[in-house]
Amino acid sequence: MNGVLTLLKWVFRIITAPVWVPFWILWKLGEVTGLNAVIEAIAMSTGFYVVYKNLTRKPLRLSLTMLAIFVAFTIYGTLTAFQNAFDAGVELSADDRLVSVNKINFTQPLPISYVNRVRPMEGVASVTHLNWFGGYYQDPQNVIVTFAVDEGSFFDVYGEDLVMSEEAKAAWLGNRQGLIVGESIARLNGWEVGQRIPLNSNIFSQQDGSSDWDFDIVGIYTGSDPQIDTNSIYFHYKYFNETQSFGGNFIGFMAIKTEDPDLNEAVIKQVDDLFANSPFETETVPEKVFNKGFIEQIGNIRLILSSVVLAAFFIILVIVGNSMVLAVRERTSEIGVLKTLGFTSPRIFRMVLGESFLLSIMSGSLGMLAAMGMIGVVNNAPIQLPTLIMTPDLAIEAFTYMALLGFITGIIPAVNALRLNIITALSRN
Amino acid sequence: MTDETLYSLQKVSKGFVKGKEKITIFDGLDMSIEKGDFLAIMGPSGSGKTTLLNMLGGVDQPTGGEVWFDGSRVDKLSEGNLAKWRANNIGFIFQFYNLMPMLNAAKNVELPLLLTNLNSKQRKKSVEAALELVGLSDRAKHMTNEMSGGQQQRVAIARAIVSDPKLLLCDEPTGDLDRATADEILEMLQLLNREFGKTIVMVTHDPAAAKYAKRTLHLDKGEFVEKDLVA
């Protein structure tokens, strides 16, 4: 039995070596240089040493409690990054950009003639049009967000968000089969500029009956903000319009850039009034509203993610709270001794609370580091997902939750320790 | 009360309520401890020895009377001030050592010094001196659970004297030790009293232990029944 346990210990040590070996090396270096003694003296002066030693006195319990917090913060960090990425679709929408779709449903088309009627309107800076292509690459499962767009006006409306060199833009304008691709989707499919690729549509077909179009990749764009989704690709509407077997001269929707966000309401009114009572009435909304509505069609992602995170936090609250109460109760007589030696009750209170803070922040930080690792894995995974980012706001929010967790789980044992009567405490010896 | 009086209890009473019953432990107890005294307090279980020791140590407050320590009244101190007073004036030695198991011997001894203004170098020096005095210099870095009972009690003594308190309070300090080890500990207390002038109050059941003290008081039902038995 002992042999098996020893073997398991060594297996555990070897598996976790990447985590502890750097710390072990640092510790040994500290011993050689005398730095450890200095740190120890400072820690002792501040009382941190006693707090740390109390926390680490039961390694198995500490490991299990830390694991619970670690897992909860890994889930929190990763899922919140997902949530932020989805929210970014709304938050990063330009304030001065409107989307005008068919009033019946955004899947219904609009006549292309609408674009020229909107362009001269007062308050409109530029307007472009986009058409959902329903594209996929090689495999129908490998759906690519593909739009047929007006190449001449596309960057007038989206140029602030999508960044591409002037050479690439010129190359795109000069090549009817030119395709510009986002860096995420290019990386995912291994696409490079100069490559010729076929794309199929699950909606449209060409006049010769085939559903595959050939394109030349002429540019790879990036987002002006790291969270701008670069999973979309764009090609010339003219190429699409001339080759498709049906639906010619119709577009999916118009994207309108206004001269000032304050003019949005006026422009919306002008557009929708102009096409009112026509066979193709429009519904024009700010891009933020459109994107929000689009994301909400998938489901209330925020609610789903928040529920998972809340459940994880509730569980650790119970586990860690229980563990802290138990740990402090076991040390009742020691707390009594400290008080007898002259440690004041508020000082003991701070020490117990400090212990739960330390536990929460140590484990939570490791969890957030793991979440960063997960985010890296997800961003490099061969799946189309929005770019996840561990933003400073998210890190600050996480530290706030760690502090809150430390406070909630530590406050009851800390108050118990504060109120503990010395005689009662010593009698439990 | 003279200049040589370290501790004075005047008409001290102590009682508590248990259910509907009012229990009196002390009722008008008078007691005086001179500086440099080594006093043993003996008595049967329930006689009030530990309660008296707790009151002397400022961990329990009397319900009546006055308690004076080195010219200052201490029974009216707030909890916080009483804690500071304990840290500055009292060293405690318990029957079961009451050391912190997660700290090594030196760190255990250093604990009371965290309540002083000494810097880490000064603390280290004091800890080394205290451990040397109890003969444990070579065990400073050892964890206390690796030590024998006698060694642990010596660490506890070092902890009690490290901040140079005026009074050492010992609650059955040899109650958990064999005779030979108990004698070593008692000789050490005697040394602290004789050579370093420490005032010591020791509660014990053991008459052999009491013989190491300069005098013994017998407590029974909250009263001293025989005083200055041993000169």
Hydrodynamic radius of chain B per Kirkwood, over alpha carbon pairs, in Å: 18.2
What residues does segment A:30-60 have that are buried by at least 10 Å² of accessible area in the full protein assembly compared to the chain on its own, 1.4 angstrom probe? A:GLU40, A:ALA41, A:MET44, A:SER45, A:TYR49, A:VAL50, A:LYS53, A:ASN54, A:ARG57
Output wanted: per-residue J couplings in Hz (rounded whole) for segment B:16-33, from phi through Karplus 6.51 cos²θ - 1.76 cosθ + 1.60, θ = phi - 60°, x for Gly and Pro. 8, 9, 10, x, 9, 9, 9, 9, 9, 9, 10, 9, x, 6, 10, 7, 9, 10
Express in whole angstrom the spacing between the alpha-carbon centres of segment B:182-215 and segment A:1-59. 41
Rolling a 1.4 angstrom probe over the protein heavy atoms, how many square angstrom per residue are accessible across segment A:324-429? 44
Sort the following peptides by mean Cβ neighbour count (other Cβ atoms within 10 Å, averaged over residues), highest first: B:5-15, B:162-172. B:162-172, B:5-15
Report in % the part of the accessible area of the protein assembly as shown that belongs to carbon and sulfur, leaving out ligands and nucleic acids; probe 1.4 Å. 58
Would you please state which residues of segment A:100-116 a label at A:ILE203 would reach in this model, taking the label point 7 Å out along Cα→Cβ and a backbone N cut-off of under 15 Å? A:100-112
Diffing segment A:101-109: the Karplus 3J(HN,Hα) column from phi (6.51, -1.76, 1.60, θ = phi - 60°), in whole Hz with x for Gly and Pro, holds 10, 5, 5, 5, 5, 6, 7, 7, x
Accessible-area loss of at least 40 Å² in the complex relative to the chain alone (1.4 Å probe) applies, within segment A:299-334, to A:GLU334
What share of the DSSP beta bridges in segment A:109-279 is antiparallel, in percent to the nearest 5? 70
How much area per residue is accessible in segment A:109-279 when the probe is 1.4 Å and only protein heavy atoms are counted (Å²)? 44
Sorted by packing (mean other beta-carbon atoms within 10 Å per residue), highest first, where do A:165-176, B:149-160 land? B:149-160, A:165-176
Just for the protein assembly as shown, what percent of DSSP beta bridges are antiparallel, to the closest 5? 65
Would you work out which of A:GLY209, A:THR128, A:ALA72 lies farthest towards the positive end of the dipole of chain A, given +1 charges on the beta-carbon of Lys and Arg and -1 on that of Asp and Glu, about the Cα centre? A:ALA72
Starting from the amide H of B:LYS14, placed 1.01 Å from N in the peptide plane, find each other amide H under 5 Å away whose residue is 5 or more places distant or on another chain. B:ILE25, B:PHE26, B:ASP27, B:GLY28, B:THR63
Segment A:109-279: radius of gyration over Cα atoms, expressed as a fraction of 2.2 N^0.38 Å: 1.07
Total formal charge among the other residues, if their Cβ is under 14 angstrom from that of A:SER306, Lys/Arg +1 and Asp/Glu -1: -1
Under-5 Å amide H pairs with B:LYS198, H placed in peptide plane, nonlocal only: B:ASN193
Can you tell me which aspartates and glutamates have their Cα less than 18 Å from the Cα of B:LYS18? Leave out same-chain residues fewer than eight positions away. B:ASP27, B:ASP60
How many nm separate the modelled label positions at B:MET143 and A:ARG419, each set 7 Å beyond the Cα in the direction of the Cβ? 3.4
Of the listed links B:LYS84/B:LYS214; A:LYS339/B:LYS35; A:LYS28/B:LYS125; B:LYS11/B:LYS49; A:LYS58/B:LYS84, those spanning more than 21 angstrom between alpha carbons are B:LYS84/B:LYS214; A:LYS339/B:LYS35; A:LYS28/B:LYS125; A:LYS58/B:LYS84
Using the Cβ atoms and a cut-off under 11 Å, what net charge is assigned to the surroundings of B:GLU79, where Lys and Arg are +1 and Asp and Glu are -1? +4
Mind checking which of A:PRO226, A:PRO279, A:PRO413 has the largest fluctuation in a GNM of chain A, springs on alpha carbons under 10 Å? A:PRO279
For chain B, what relative contact order do you get, as a whole percent, if you take Cα pairs closer than 8 Å and at least 6 residues apart? 28
Averaged over peptide B:97-105, how many Cβ atoms belonging to another chain are found within 10 Å of each residue's Cβ? 5
How big is the C-alpha Rg of segment A:1-114 next to the rule-of-thumb value 2.2 N^0.38 Å, as a ratio? 2.07
Let me make sure I get this right: for segment B:165-230, a, b and c are the square roots of the gyration tensor eigenvalues over alpha carbons, sorted descending. Under 1.5 in a/c it's rounded, otherwise prolate if a/b > b/c, else oblate. Which is it? oblate
Under 8 Å for C-alpha pairs, at least 6 residues apart: give me the relative contact order for segment A:109-279, rounded to a whole percent. 34
Taking chain A and dividing mean pair separation by its residue count, relative contact order in percent (alpha carbons under 8 Å, at least six apart): 25
In peptide B:54-60, how many Cβ atoms from other protein chains are near each Cβ within 10 Å, on average? 3
For the pair B and A, how large is the buried accessible area, both sides, in square angstrom to the nearest 100, if the probe is 1.4 Å? 2300
Let me spell out the model: positive unit charges on the Cβ of Lys and Arg, negative unit charges on the Cβ of Asp and Glu, origin at the Cα centre of segment A:132-283. What dipole size does that give, in debye rounded to 20? 580
Once label points are set 7 Å from the Cα along Cα→Cβ at both B:LYS22 and A:ASN116, what is their separation, rounded to one decimal in nm? 10.7
Shielding of B:110-116 by partner chains, average beta-carbon count, 10 Å: 5
By per-residue mean of other Cβ atoms within 10 Å, what is the highest-first order of B:53-63, B:78-88? B:53-63, B:78-88
For the protein assembly as shown, what are Rg and Dmax over the alpha carbons, in angstrom? 39.4, 124
Tell me, how many Å apart are the Cα centres for segment A:356-412 and for segment A:238-275? 42
Which ³J(HN,Hα) values in Hz, rounded to whole numbers, follow from the phi angles of segment A:358-374 under the Karplus curve 6.51 cos²θ - 1.76 cosθ + 1.60, where θ = phi - 60° and Gly and Pro get x? 4, 4, 5, 6, 4, 5, x, 5, 4, x, 5, 5, 5, 4, 4, x, 4
Would you mind checking segment B:12-43 for residues with the amide N under 13 Å from a putative spin-label position 7 Å along Cα→C-beta of B:THR5? B:12, B:30-35
Cα→Cβ-extended label distance, 7 Å offset, between A:LEU385 and B:GLU132, nm: 6.4
Work out, step by step, the length gained on full extension between A:GLU265 and A:LYS292: first 0.36 nm times the residue separation, then minus their alpha carbon distance; give nm to one decimal. 7.9 nm
Dipole of chain A, positive end: most advanced residue of A:LEU179, A:THR284, A:MET372 [Cβ charges, Cα centre]: A:MET372
Distant-in-sequence amide H partners of B:VAL59 (H built 1.01 Å from N, under 5 Å): none
Whole-number accessible area per residue in Å² for segment B:9-108, which is evaluated in the context of all protein chains at 1.4 Å: 42
Applying 1/(1 + (r/R0)^6) with R0 = 41 Å to the Cβ-Cβ distance of A:SER224 and A:VAL21, what FRET efficiency is obtained, to the nearest 0.05? 0.50
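The values are calculated or read from the model by the stated rules, or taken from the named source; none is laboratory data. Values in this document were obtained by computation on a predicted structure and should not be read as measured data. Positions of Cβ are backbone-derived with ideal geometry, glycine not excepted, and every protein chain shown enters the neighbour counts. Each accessible area value is taken on the protein alone, full model and side chains, heavy atoms only, with ligands, DNA and RNA left out. Shrake-Rupley method; radii C 1.70, N 1.55, O 1.52, S 1.80 Å.
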